[in-house]
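Worksheet for the structure shown next.
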Amino acid sequence: MRVPVVRHSTLRRRALRRRVLWTGGELLVTVGVVLLLLVVHQLWWTNRQAQHGADRAVRALEREWGAPGTPGRADPSEGAEGAETEAGGGSARSPGRQRGAGSTDTPAAAPRRSQAYAVLSIPRLGLRVPVAEGVSKQDVLNKGYVGHYKGSQQPGQAGNFALAGHRNTHGEPFRYINRLRPGDTVRVETAAAVFTYVVDRTLPRTSARDGGVIGRVPRSTVRPSYGYTEPGYYITLTTCTPEYTSTYRLVVWGKLRSMKPR
C-alpha cells in the first residue's frame, strides 16, 4: 500500500489560504457592523437628536411669545374661530387691512439667517416644528427645522410663503406630507399672529430644479398644469421624493384662509 506524502510547502499553502479566508471573513463582518452602525446613526440617532432640538426651539419660541392661554397669545387649537380675520379665499387684498388688524404686507424686520422665528403646525400629521430663515442643510434642515426659502414671502403676506423640510433623517418633519389632502389645515404661528392655511393641491413629483413651484404665483415650470395663475396668499411645502432619495421634489400648496392677531 502506497502512503501519500504531503509536502511542507503544500501544508503551508493550505494554512495560508485558511488565514486569508479567515481574515477576509473578519473584514466582511467588520464592514457589515460598521455599515449597520452608520444606518442606525443616520436613520435613528439623527432623527432623535434633531427632533429633540426642534422641540426645544418650539418651546423657546412659546416662552418668548408667552405661555399658552395668556392674554395676547393665540391658541392654535381654536383654528379659524374667534377673532380671526378672514382672508377672503386668497384674494389679492391684504387680510390684515380688514377689521383694523393692521397690514400683514408691511415689511417686518427680516429674520436673521438660520434664526427660528415661527412655528408650523399640521394637525393631520401631528406635526409642530420650528421655521427658520434659509434652507441650509447644516444650519437649518439637519436640525429638524423647516426652512423658509429666502426671497419668498413671509406668513400672511401676499405671494407665496415657501418652505422646505427633510422627508427622511434629521427629524424628517415632512416625511408624511404626501398624506395631506385638500381641506387639511396648516397653521403658522409668529410673534404677531396665527395664520391658517388650507391645503388646496399637490404636485406628486417634479424636478429638483423646478423653481416655479416656489414663485410668487406658484406654478410648475416642468408640469405647467400644476399650480396657480392668479396672485393670492399661498403656502408651499416642498420635500424630496421618493423616500430616501433626493432625485425629485414633492410639493403641497395651500391658500391663506384666516389670521388671528396675538
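The values are calculated or read from the model by the stated rules, or taken from the named source; none is laboratory data. Worth saying up front: this structure is predicted, and the values here are computed from it rather than measured. Cβ sites come from the backbone with ideal geometry, for glycine too, and all protein chains shown count toward neighbours.
Quick notes on this structure:
- Candidates in the stretch 117-138 are the residues that are charged (D, E, K, R) and surrounded by fewer than 17 Cβ atoms within 10 Å (Cβ to Cβ); of these, the one that is farthest from His166 (Cα to Cα) is Arg124.
- Some residue of the stretch 213-222 being modelled with pLDDT of 95 or more, under 30 Å from Gly66 (Cβ atoms) and in contact with a Gly (Cβ under 7 Å, 6 or more places away or on another chain): no
- In the stretch 166-201, the residues that are of a type in the set (S, T, N, Q), part of a loop (DSSP other than H, G, I, E, B) and farther than 17 Å from Val58 by Cβ: Asn168, Thr169
- With respect to the stated conditions, Val194 fails to be over 18 Å from Val119 (Cα atoms), modelled with pLDDT of 95 or more and surrounded by 22 or more Cβ atoms within 10 Å (Cβ to Cβ).
- Checked against (1) buried (at least 17 other Cβ atoms within 10 Å of the Cβ); (2) over 28 Å from Ala54 (Cα atoms); (3) not acidic (Asp, Glu), Arg187 passes all but condition (2).
- Of all residues in the stretch 139-158, those being buried (at least 18 other Cβ atoms within 10 Å of the Cβ) and closer than 24 Å to Gly232 by Cβ number 11.
- Looking across the stretch 197-221, the residues that are hydrophobic (A, V, I, L, M, F, W, C) and surrounded by 17 or more Cβ atoms within 10 Å (Cβ to Cβ) come down to Val198, Val199, Leu203, Val213, Ile214.
- Among the residues of the stretch 159-184, the ones that are within 29 Å of Arg262 (Cβ to Cβ), touching a strand residue (DSSP E or B) at 6+ places or on another chain (Cβ under 6 Å) and in contact (Cβ under 8 Å) with a residue 60 or more places away in the chain come to 11 in all.
- Selection within the stretch 223-262 - touching a strand residue (DSSP E or B) at 6+ places or on another chain (Cβ under 9 Å), in a loop (DSSP other than H, G, I, E, B) and more than 19 Å from Asp200 (Cβ to Cβ): Pro242, Ser246, Thr247, Arg262
- In the stretch 106-131, the residues that are over 14 Å from Glu189 (Cβ atoms) and either within 13 Å of the chain's Cα centre (by Cα) or in a strand (DSSP E or B) (or both): Leu125
- Flag not set for Ala101, criterion: at pLDDT below 95, surrounded by fewer than 23 Cβ atoms within 10 Å (Cβ to Cβ) and under 20 Å from Glu64 (Cα atoms).
- The one condition from (1) surrounded by fewer than 23 Cβ atoms within 10 Å (Cβ to Cβ); (2) of a type in the set (Val, Ile, Thr); (3) modelled with pLDDT under 95; (4) under 15 Å from Phe195 (Cβ atoms) that Thr169 does not meet is (4).
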